[in-house]
1. Using a 7 Å offset from Cα along Cα-Cβ at residue 46, what residues in the stretch 66-82 end up with backbone N under 14 Å from the label point?
2. Residue 214: accessible area at probe 1.4 Å, nearest 10 Å²?
3. Compute the distance in nm between two label points, each set 7 Å from the Cα along the Cα-to-Cβ direction, one at residue 92 and one at residue 105.
4. With each label point set 7 Å from Cα along the Cα-Cβ vector, what nm distance links residue 12 and residue 283?
5. Tell me the relative contact order for the chain as a rounded percent, counting alpha carbon contacts under 8 Å between residues six or more apart.
6. Only residues of the stretch 263-283 count here: report those whose backbone N is under 20 Å from the spot 7 Å along Cα→Cβ of residue 155, or say none.
7. How compact is the stretch 1-130 by the rule of thumb for globular proteins, expressed as Cα Rg over 2.2 N^0.38 Å?
8. Please state the charge dipole magnitude for the stretch 31-117, taken about the Cα centre, from unit charges on C-beta atoms (+1 on K and R, -1 on D and E), reported in debye and rounded to the nearest 20.
Amino acid sequence: MAKASYKIPTSIARSFLDHEITFAGAGFQAKPLPIKVILFWVASLFIGFWVLSTTYLKHANIFLLIGIALWWIAATAFFGRYSRTKELNLFSVPALLNYIQPSMRRVNTRTSSEPSGFYSITGLDGVDETGYLTWADGTVGQAYLVVGSASVLVFEQDRIAIIERVDNFYRKVDTTAEFIWLTTKEPQRVYRQLANLERLNVDLTVDDPELRELMEERYSILTDYVGDSFTSIHQYLVIKADNLEALRRAHTVVSAEAQESSLMIKQLTALDQRDALEMLRSVYAVSR
């Protein structure tokens, strides 16, 4: 049976400074601390003591010295804290300083703008007529519109079956392909309703003005109201592989999964160039 939750394994970038040390004694046991945090505290307190005892601050008022010392300890506690990504908050300072600049928080996407900023975000080289994606690092990919079965309303036995199916799926794929799931909120797709309406329009045997007006009204409701004002959740799967052979193998696994069972994927539709570009527009939306 598949696990309900999975633990993220230790990063291979873990160094000696990331090892944790536990201080215990006399019935007291502190929370384990990484070596880098301990060294940061030691270095910070040493520098703080040196600043207060050897620089011109040593001639300051005692209350001012106490205030600076308390502020220094508070700053050390903040910047020496571990973040959720297991990094010191100190390392986020350069990124925060860069974020202050408006140019670092905005990417122009006009056709007349310099494209390197947007290109650095996406890394996409292009999308051909079949929806085939290419990236700057040499990887290739294909995007799909998928319909799944997961829901908060499913019964417990169905939930277990879905989890089992997803767990078995990821056991079959290799490391040469990456599966990227994208969830967007887009206007409802009405092309099937429009196609059916066009079929009815062609099959009309009576050329009645009022009937034509009714058909135009239905067409306007679908395009200007339903397809523009109402939004729905869409989910996409982007397979990013190292090469064409790896992409073909990943496509075979996904297609077989959709054909053999509907627990994980009920419907799988490969996107052509137009649909792939529309999907990318919804992901990399321009803020107004």
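1. none
2. 90
3. The two pseudo-label positions are separated by 1.6 nm.
4. Calculated label separation equals 2.4 nm.
5. 21
6. Flagged as within label range: 263-266.
7. 1.66
8. The calculated dipole for the stretch 31-117 is roughly 260 debye.
The values are calculated or read from the model by the stated rules, or taken from the named source; none is laboratory data. What you see is a predicted model; the values in this text were computed from it and never measured. FYI the Cβ positions are ideal-geometry reconstructions off the backbone, even for glycines, and counts take in every protein chain you see. Note: areas computed on protein heavy atoms with side chains; ligands, DNA, RNA excluded. Shrake-Rupley method; radii C 1.70, N 1.55, O 1.52, S 1.80 Å.
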